[in-house]
1. Taking region 105-163 as the region of interest, how many residues are part of a loop (DSSP other than H, G, I, E, B) and more than 11 Å from the chain's Cα centre (by Cα)?
2. Which condition number does I130 fail, the rest of (1) crowded, with 20+ Cβ neighbours inside 10 Å; (2) more than 16 Å from the ligand (Cβ to nearest atom); (3) not aromatic (F, W, Y) being met?
3. Taking the stated definitions as given, is F80 hydrophobic (A, V, I, L, M, F, W, C), within 16 Å of the ligand (Cβ to nearest atom) and free of Cβ contacts under 8 Å to residues at least 24 places away in the same chain?
4. Being surrounded by 16 or more Cβ atoms within 10 Å (Cβ to Cβ) and among the hydrophobic types (A, V, I, L, M, F, W, C) is the filter; apply it to region 83-106 and report the residue that is farthest from the ligand (Cβ to nearest atom).
5. Against the definition (outside any strand (DSSP E or B), basic (K, R) and under 20 Å from A33 (Cα atoms)), how does R93 come out, yes or no?
6. Out of the residues in region 62-77 that are in a helix (DSSP H, G or I) and surrounded by 15 or more Cβ atoms within 10 Å (Cβ to Cβ), state the one that is nearest to the ligand (Cβ to nearest atom).
7. For region 66-76, indicate whether the set of residues that are within 22 Å of A24 (Cβ to Cβ) and acidic (D, E) is non-empty.
Amino acid sequence: MKKLEIKSTLTVFDTLDELPTEVASLMKKAVQARKNAYAPYSKFRVGAALELENGAIVVGNNQENAVYPSGLCAERVAIFQAGAIYPNIPIKRMAISASSDTFNVVTPIPPCGACRQSMYEYEENLKQPIELYFMGETGKVVKADSVQELLPLTFGKATLNNI
Ligand code: THU
């Protein structure tokens, strides 16, 4: 018997101002997208903005539904949209911002497990790590160098192909 330790490394920026210019500008697009979220049930708004290797920017926000499980998170709306429009273009980075209509979101909001899994598919397929940056409305911004950093022990297509 032996124990394995899994380590993740994240970078924390104290404010938006500490981000490199191109990342700060992507985060602003996530903030803008967040404002158009359709979140009448949770009142929790999330915006995501992706920058692709060809320079294209693709945004998404959470889309809720009266049949609650039929809704979708911002990150998957954005990444599926990128997959639909630019199927073979690697994704450089994703910026995520969350706010609530009922309280002030001051802590960085990481993507949910299902979104991490969906994002990993693109990272694996396009053979390029996707940088992730996430924040609340204000405050610190957390960076992960890849989806895998937030999702160790990944189950991906390599698993299905016994690679
Ligand atoms: N949500 C996201 O858009 N992204 C996440 O990673 C977590 C949660 C949305 C889903 C739902 O509309 C609301 O936030 C509350 O869970």
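Derivation of every value follows stated rules applied to the coordinates shown; laboratory data play no part. From a predicted model like this one, the values you see are computed outputs, not experimental measurements. Neighbour counts are summed over all protein chains in view; Cβ atoms, including those assigned to glycine, are modelled from backbone coordinates with ideal geometry.
1. Filtering region 105-163 for residues part of a loop (DSSP other than H, G, I, E, B) gives 105-112, 126-130, 136-140, 145-146, 151-156, 161-163.
From what is left, the residues that are more than 11 Å from the chain's Cα centre (by Cα) are 105-108, 126-129, 136-140, 145, 151-156, 161-163.
Selection size over region 105-163: 23.
2. (2)
3. Answer is no for this residue.
4. Ranking the candidates gives I89 first.
5. No: the conditions fail for R93.
6. A74
7. To start, the set of residues in region 66-76 that are within 22 Å of A24 (Cβ to Cβ) comprises 74-75.
Checking which are acidic (D, E) leaves us with 75.
Within region 66-76, one or more residues are within 22 Å of A24 (Cβ to Cβ) and acidic (D, E).
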